[in-house]
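Below is one structure; the comments refer to it alone.
The values are calculated or read from the model by the stated rules, or taken from the named source; none is laboratory data. Not measured: the values here are computed from a predicted model. Ideal geometry is used to build each Cβ from the backbone, glycine not excepted, and the neighbour counts take in all protein chains shown. Ligands, DNA and RNA are excluded from the accessible area calculation, which covers all protein heavy atoms including side chains. Shrake-Rupley method; radii C 1.70, N 1.55, O 1.52, S 1.80 Å.
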Amino acid sequence: MYVCNCNGLTQRQVREAISKLRPQDPGSIYRYYDCKPQCGRCVSDVRQMLIKERETEAA
Ligand code: FES
């Protein structure tokens, strides 16, 4: 399933970047895939995924 339609980023790709980079902000995830937010609609979803992954790791 796509998280970012503008850049064609899937949930799997975003999760993979989170586990590899341990990013502090969503921007790192876009940079990892050599892209950047365009319309910006996905940024809050990416941020939520980031927060959720951190919570999962902390548990
Ligand atoms: S959906 Fe990601 S920038 Fe538009």
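Pairing each residue of region 16-43 that is under 13 Å from Arg54 (Cα atoms) and open to solvent by 60 Å² or more (accessible area, probe 1.4 Å) with any residue that is of a type in the set (S, T, N, Q) and at pLDDT 95 or above, provided the two are 6+ apart or on different chains, yields C-beta distances under 8 Å for Leu21/Ser28.
Any residue at all in region 43-50 that's part of a loop (DSSP other than H, G, I, E, B) and more than 17 Å from Asn5 (Cβ to Cβ)? Scanning region 43-50, I find no residue that is part of a loop (DSSP other than H, G, I, E, B) and more than 17 Å from Asn5 (Cβ to Cβ), so the answer is no. Scanning region 4-15 for residues that are within 10 Å of the ligand (Cβ to nearest atom) and surrounded by fewer than 12 Cβ atoms within 10 Å (Cβ to Cβ) returns Asn5, Gly8.
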